[in-house]
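Just so it is clear, none of the values below were taken in a lab; they were calculated from the coordinates. Just so we're clear, the structure is a prediction, and the values are computed from it rather than from any experiment. Here Cβ is always computed from backbone atoms with ideal geometry, including for glycine, and neighbour counts include all displayed protein chains.
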Amino acid sequence: MGTLELSRTVRGSTVLITGAASGMGRAAAAVFAADGANVAVTDWNAEGAAEVAEAIVRSGGHARAWWLDVADAGAIERVVADVAQAFRGLDIVINNAGVAQFLALDDPSYDAQWVRVLDILLTAPQRVVRAALPHLRRSRAGRVINIASTEALAA
Ligand SMILES: NC(=O)c1ccc[n+]([C@@H]2O[C@H](COP(=O)([O-])OP(=O)(O)OC[C@H]3O[C@@H](n4cnc5c(N)ncnc54)[C@H](O)[C@@H]3O)[C@@H](O)[C@H]2O)c1
């Protein structure tokens, strides 16, 4: 990553946001687009991601939607590469995709859900960062933003 550059704008930067079809990811997409960033709106909800990107484009911003299930390591590699190619670089990644899963300890699917939730919440962020690393290093001001929960502190 380049030398720290303090700037008040993300104009012209490219940001990839996971889980951007709703909630905080969607809100972040709108804020970054309003400030002139190219926004890669990614989510496993392809329809929702497309709607967010279309709304940004309709309001004059730059955005494109990608289907991305962050539990799919191959898809992370493909989408990050595709985003960097489409926008000629990648400057910021926001690991926002997340799920809240509540199950009884004796639920037969508990073990499978445990693995899937760890994939989404714990494994995916480092995979996204490692896939993006070559592009972030080329960026003048690469940034990684990881969204977590205060529940982590409680645990
Ligand atoms: N809202 C809260 O109170 C709260 C509290 C603590 C942490 N968080 C975390 O903040 C982040 C955003 O939360 P939110 O409240 O905006 O939730 P949200 O449910 O509105 O948004 C999460 C988005 O992630 C997407 N997503 C889920 N699994 C995915 C996957 N495997 N691949 C790609 N996309 C996936 C969903 O489709 C959805 O669009 C999450 O990581 C969540 O765990 C939220």
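Hey, can you tell me all the residues within region 57-79 that are surrounded by 21 or more Cβ atoms within 10 Å (Cβ to Cβ) and more than 13 Å from the ligand (Cβ to nearest atom)?
Answer for region 57-79, where residues must be surrounded by 21 or more Cβ atoms within 10 Å (Cβ to Cβ) and more than 13 Å from the ligand (Cβ to nearest atom): just Ala63.
Can you tell me which residues in region 13-31 are within 10 Å of the ligand (Cβ to nearest atom), part of a helix (DSSP H, G or I) and surrounded by fewer than 24 Cβ atoms within 10 Å (Cβ to Cβ)?
Gly23, Met24, Arg26, Ala27, Ala28
Applying the selection to region 89-122, what residues are free of Cβ contacts under 8 Å to residues at least 40 places away in the same chain and under 30 Å from His62 (Cβ atoms)?
Listed by number, the residues that qualify are Val99, Leu121.
Starting from residues that are charged (D, E, K, R) and part of a helix (DSSP H, G or I), keep the ones in region 129-142 and report whichever is nearest to Leu105 (Cα to Cα).
Ranking the qualifying residues of region 129-142, first place goes to Arg130.
What do you reckon, is Ala34 in contact with a helix residue (DSSP H, G or I) (Cβ under 8 Å, 6 or more places away or on another chain), more than 10 Å from the ligand (Cβ to nearest atom) and over 20 Å from Ala131 (Cα atoms)?
no
Which is within 22 Å of Asp72 (Cβ to Cβ), without any contact (Cβ under 8 Å) to a residue 60 or more places away in the chain and part of a helix (DSSP H, G or I), of Val41, Val57, Val52?
Of the residues listed, the single one that is within 22 Å of Asp72 (Cβ to Cβ), without any contact (Cβ under 8 Å) to a residue 60 or more places away in the chain and part of a helix (DSSP H, G or I) is Val52.
Specify the residue that is farthest from the ligand (Cβ to nearest atom); the eligible residues are those in region 95-123 that are out of contact with any Phe, Trp or Tyr (no Cβ under 8 Å at 6 or more places or on another chain), under 21 Å from Asn45 (Cα atoms) and assigned to a loop (DSSP other than H, G, I, E, B).
Phe102
So Gln126 clears everything in (1) assigned to a helix (DSSP H, G or I); (2) more than 30 Å from Ala37 (Cα to Cα) except one condition, right? Which one?
Unmet condition: (2).
Consider Gly48 carefully, then state whether it is surrounded by fewer than 19 Cβ atoms within 10 Å (Cβ to Cβ), over 15 Å from Leu16 (Cα atoms) and of a type in the set (Gly, Ala, Ser).
On the way: surrounded by fewer than 19 Cβ atoms within 10 Å (Cβ to Cβ): yes; over 15 Å from Leu16 (Cα atoms): yes; of a type in the set (Gly, Ala, Ser): yes.
Against the criterion (surrounded by fewer than 19 Cβ atoms within 10 Å (Cβ to Cβ), over 15 Å from Leu16 (Cα atoms) and of a type in the set (Gly, Ala, Ser)), Gly48 qualifies.
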